[in-house]
1. What order do MET703, MET296, MET420, MET290 take when sorted by accessible area (1.4 Å probe), most exposed first?
2. I'm a student and want to see the number: the projected area of the Cα convex hull of region 528-613, averaged over all directions, in nm².
3. Just read off the accessible area of ILE512 with the full protein assembly in place, 1.4 Å probe, to the nearest 10 Å².
4. Under the classification rounded if a/c is under 1.5, otherwise prolate if a/b is larger than b/c and oblate if not, where does region 490-635 fall, given a ≥ b ≥ c as square roots of the Cα gyration tensor eigenvalues?
5. State the answer as a single residue: which of LEU235, GLY292, LEU269 lies farthest towards the positive end of the charge dipole of region 200-332, with beta carbon charges of +1 for Lys and Arg and -1 for Asp and Glu, about the Cα centre.
6. Using only Cα atoms, find the angle between the long axis of helix 358-367 and the longest principal axis of the chain, and express it within 0 to 90 degrees, rounded to the nearest 10.
7. Return one number: the angle in degrees, 0 to 90 and rounded to the nearest 10, between the long axis of the Cα atoms of helix 594-603 and the longest principal axis of the Cα atoms of the chain.
8. Can you find, among VAL720, ALA678, ILE694, the residue sitting farthest towards the positive end of the charge dipole of region 636-754, where Lys and Arg contribute +1 and Asp and Glu -1 at Cβ?
Amino acid sequence: MRPVDSQSHSQGPGRAQASDQVPTQVEGEIDRVTFHNEGTLYTVLRVRTDQDLPGAAPTSALFDARFTAVGSTARPSEGLRVRLSGRWTEHRAHGLQFEFESLELLPPKDTQGLVRYLSSKTFEGIGEVLAQRIVEHLGPDALRRIRDEPESLAGVPGLRADVRENLAATVRLALGTHELVAFLLGLGLAPWQAEAVVKKYGVDAAERLRRDPYLLASGIAGIGFLTADRVAKRLGLPSDGIERRRAALLHCLEQAAGEGHTARRVPALFEATAELLGETVPEARLREAMDGLAAMGELRVETDDAGVERAFLPSFFASEVGLAQSLARLLAPGETRPWADTARVADAARRSGLTLHTSQAEAVLGLLSHPVALLTGGPGVGKTTIVRLVVDLARAAGARVLLASPTGRAAKRLGEATGMEASTVHRMLGFEPQGSRFAHDATKPLEADLIVVDEISMLDLVLAHHLLKAVRAPTRVVFVGDPDQLPSVSPGNVLADLLASKRIPTFRLTEIYRQDATSLIVENAHRILVGRAPVFPPAGGPLSDFYLFPTESDEATAERLVEVVTRRIPETFGLVWERDVQVLAPMYRGAAGVDALNERLRDALKSSGGPVRLRGREWRLGERVIHTRNDYEREVFNGDMGRIESISSDLSCLTVRFPERSLVYTVEQLGDLAPAFAITVHRSQGGEFPAVVIPLAMQHWLMLQRHLLYTAITRARRLVVLVGSPKALEIAVANGDQAHRESGLLARLQGLPG
């Protein structure tokens with residue numbers, strides 16, 4: 001039987017078929033930890049056993065036989081005696097091995113195994129001689145006594161107090177972790193879920209979870225109500241318990257937040273909760289559960305002046321109240337001293353070679369004359385020009401100016417447009433990841449006279465609250481955004497609520513200025529907004545920047561899209577598709593969805609070497625990837641795109657080349673990356689691409705609406721290509737509905753004075 005090499009460790013077992021001789025349990029001692037991944041818990045062990053192995057001659061020698069075992073476990077260590085439950089399999093490359101589904105710790109069979117375990121690298125400062133003394137002093141029950149009676153170590157010769165304390169803590173952690181992970185795996189949790197539970201609740205969590213398994217759904221990423229509910233059923237808990245109702249209520253609120261809502265009306269929340277529970281639940285019992293959660297501070301319930309009762313997760317309630325209070329504070333002065341007059345605006349425009357329309361000149365003057373103001377408009381109406389003039393005139397008046405945007409991509413574009421440094425809102429506020437807090441707040445406000453925040457359609461409720469909390473009058477704020485773009489990915493509809501409240505002075509630009517005679521991108525974006533079909537260039541005419549490739553089915557759409565991206569666009573426009581062409585799809589699912597299109601485009605990638613499997617998915621050299629969360633320690637942010645430039649030979653990490661620098665991702669960090677040849681329209685917000693290709697599939701009918709199509713089109717600088725069903729395009733253009741986002745912010749804003 002050949003040993004398993006390191007490459008197969010990272011990729012997991014490549015099993016063929018199970019052996020006919022299938023013992024379900026094997027006991028033995030861990031002889032060597034060949035491989036262990038802390039991120040996935042995937043483990044390869046060499047185990048010594050006195051049991052007969054399939055296909056081997058019987059042996060009477062104790063621990064004479066050795067075999068390879070593969071599976072998931074936490075904290076494996078040489079010398080541990082274990083009972084493995086699973087099955088024998090024949091690996092196509094490495095022969096016979098045991099795939100274990102659970103690993104149970106057993107007491108050492110003899111003092112030799114106990115000494116071997118205590119002298120392993122698991123325990124710092126304990127060598128073989130000291131381990132022998134510990135076993136001689138405590139006997140064969142040494143591990144239990146170290147865990148339960150750490151004071152019993154006091155009489156061991158040569159064992160220093162600090163080493164003694166560390167030994168007791170490590171034994172308790174190691175044994176507790178193994179026992180808890182075995183318990184959780186037995187309940188059906190995945191290894192990574194079990195590890196997350198250990199990190200959240202510690203090694204003594206088993207008894208707490210037996211009493212209330214719905215704790216699993218409290219703040220552990222990747223574990224929600226449905227998983228906790230399955231565990232509760234396995235543990236035999238009654239289906240009508242109040243813990244189940246409370247967990248279901250919170251799950252429905254969190255699910256609503258995932259859809260952009262910051263609150264739910266109580267009747268709708270009760271209806272969704274009853275549906276989740278799969279039974280008819282009297283309203284009184286749901287209200288009892290909700291009142292209990294409110295008493296514990298797990299949610300907030302509020303009835304507004306119109307008699308509408310809403311339930312909030314606490315963070316959203318605090319953010320709504322705080323944001324409204326901050327705006328009231330900043331708006332209190334009313335109109336302020338203008339930083340420019342009509343003559344200065346005209347002079348600044350002339351020096352910049354600009355001729356301002358009346359509405360543009362009025363916008364510049366207005367934005368320079370209010371404590372808080374809004375500038376809105378679609379593509380091509382001159383928002384960037386107005387922002388540049390406002391910044392220049394404010395600085396000429398001696399104002400200190402800060403520029404920010406919700407995403408790094410949008411901040412970079414804002415900086416390029418104004419010639420000033422711009423940052424993300426998080427960076428401007430000084431986000432401190434260690435404490436998950438901002439350096440700038442009400443006690444340490446931002447030092448500026450004017451703060452300009454661009455692309456505020458992407459500004460979610462919580463971030464907007466933290467931003468304005470860090471602004472102290474007389475600092476002024478100018479918000480800039482396109483109200484017809486999709487709202488923020490995170491909960492809230494801040495721009496729409498600000499506009500609807502009519503409490504913020506607003507300047508909307510409507511005249512289109514940035515439109516080349518041969519350009520259709522801006523024209524079609526505005527046509528779609530008012531429900532008119534886009535226009536396309538005539539067949540055989542000169543090159544244009546807007547095309548449609550009609551197809552008859554979703555599968556045909558996917559095939560044609562790959563051809564357009566990888567062959568037609570490069571040949572016709574000279575673009576490098578791997579770098580310059582971005583596919584924006586409405587949904588992840590389906591033949592023309594993000595997931596399937598990424599697979600097709602990755603297969604079309606000319607890459608040296610085949611795909612490499614890490615953390616459950618394949619990666620290729622040259623593949624475009626997107627970072628999916630803000631990581632302030634490593635200075636890489638949600639939405640940053642790069643390409644895989646190398647994969648380590650031992651498959652322990654890969655390197656991604658971003659526009660400014662390269663960054664190494666370990667296996668544990670790969671969860672922060674996603675394929676990005678195709679992304680959703682929502683994830684594209686704040687970005688611009690040389691060419692955008694948009695699949696239109698009838699399978700995506702739920703997402704076919706004009707604001708989504710408009711957002712996708714306006715991400716393109718040079719070229720837009722639609723591929724798919726003309727009927728799907730017709731539906732999208734005709735559908736002007738935007739999904740309603742429930743919140744109490746608008747009512748709070750309308751209640752502001754003025």
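The values are calculated or read from the model by the stated rules, or taken from the named source; none is laboratory data. The shown structure was predicted, so the numbers you read here are calculated from the model rather than taken from an experiment. Glycine gets a Cβ as well: all are built from the backbone with ideal geometry, and neighbour counts include every protein chain shown. We work out accessible area using only protein heavy atoms, side chains counted, and drop any ligands, DNA or RNA first. Shrake-Rupley method; radii C 1.70, N 1.55, O 1.52, S 1.80 Å.
1. The residues order as MET296, MET703, MET420, MET290, largest area first.
2. Working: hull surface 30.8 nm².
Computed as one quarter of the Cα hull surface, the answer is 7.7 nm².
3. Ignoring ligands and nucleic acids, ILE512 comes out at about 60 Å².
4. Working: a/c = 2.07, a/b = 1.23, b/c = 1.68.
Oblate is the answer for region 490-635, as a/c is 1.5 or above yet b/c matches or exceeds a/b.
5. The residue sitting farthest along the positive end of the dipole is LEU235.
6. Taking the Cα atoms of the chain, the angle to 358-367 is about 50 degrees.
7. Result, in degrees: 80.
8. VAL720
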